[in-house]
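The values are calculated or read from the model by the stated rules, or taken from the named source; none is laboratory data. In this text the structure is predicted, and so the values were computed from the model without any measurement. As a convention, Cβ positions derive from the backbone with ideal geometry for all residues, glycine included, and neighbour counts pool all protein chains shown.
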Amino acid sequence: MPSDFTRLTGLRQVLDYPTTATTRRQGPAAAPGEPPDRLALLCPGHSEALPERPGTPADADGLSLSCGSVLGYRSIEQLLQSHADLWLTPLTWVAPKAHAWAWPEVLDQADRVLRARLGEDSADEDETLQSIAMMLGTASRNAAEGDLYQATVPLAYCETLAQRL
Ligand SMILES: [Zn+2]
């Protein structure tokens, strides 16, 4: 593990496979001379996966994590925005911009949308969506209590589950 990667703000599992990763892909740096904003760990079979997270290939550097692990080093706001871009907005149609990036409000609204959807359409009540709704409710409460960092923990779990939809 390179020594400049000390500010880990996110650990997400974005591929649903248990294979151990042997290569990593470094995302772009926030500024020249800064460390990359994320590392994606991938196995050879998935080295072209995650096109939404482009970057430079590099050795896994002794990291023994599952294929599809993404270590994030961005600010909490950037992390929340990436959750919105990658699954929250596509799933709920709640756009952070429409709420001026007030994250407690964004998550509360997304939570309401999902619960309404589960309530009105019994055919849609599959376990995955129910689990996402439960985790999103937790994230919404964390955000309402002022702990956005804590909210990113259930959101990471939602992201993994959302791949099964
Ligand atoms: Zn893989």
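Some observations on this one:
- Among the criteria (1) within 14 Å of the ligand (Cβ to nearest atom); (2) of a type outside the set (Asp, Glu); (3) modelled with pLDDT under 90, the one ARG7 does not fulfil is (1).
- Sole exception among (1) away from the ligand (no atom under 16 Å from the Cβ); (2) buried (at least 20 other Cβ atoms within 10 Å of the Cβ); (3) not basic (Lys, Arg) for LEU15, by number: (1)
- Conditions (1) out of contact with any Asp or Glu (no Cβ under 8 Å at 6 or more places or on another chain); (2) in a helix (DSSP H, G or I); (3) farther than 26 Å from GLY27 by Cα: number failed by LEU88: (3)
- Scope segment 18-51; condition part of a loop (DSSP other than H, G, I, E, B) and either within 16 Å of the ligand (Cβ to nearest atom) or among the aromatic types (Phe, Trp, Tyr) (or both); matching residues: PRO18, THR19, ALA21, THR22, CYS43, SER47, GLU48, ALA49, LEU50, PRO51
- Those residues of segment 149-160 which are farther than 14 Å from VAL70 by Cα and crowded, with 19+ Cβ neighbours inside 10 Å, in sequence order: ALA151, PRO154, CYS158
- Only a single item in (1) out of contact with any strand residue (DSSP E or B) (no Cβ under 6 Å at 6 or more places or on another chain); (2) at pLDDT 80 or above is not met by GLY62, and it is number (2).
- Residue in segment 91-125 that is surrounded by the most Cβ atoms within 10 Å (Cβ to Cβ), counting only those that are in contact (Cβ under 8 Å) with a residue 12 or more places away in the chain and outside any helix (DSSP H, G or I): VAL94
- Qualifying position, being under 20 Å from THR160 (Cβ atoms), under 14 Å from the mean Cα position of the chain (by Cα) and in contact (Cβ under 8 Å) with a residue 60 or more places away in the chain, among LEU63, LEU88, LEU136: LEU88
- Criterion violated by ARG25 - all others in (1) among the charged types (D, E, K, R); (2) under 15 Å from the mean Cα position of the chain (by Cα); (3) buried (at least 16 other Cβ atoms within 10 Å of the Cβ) satisfied: (2)
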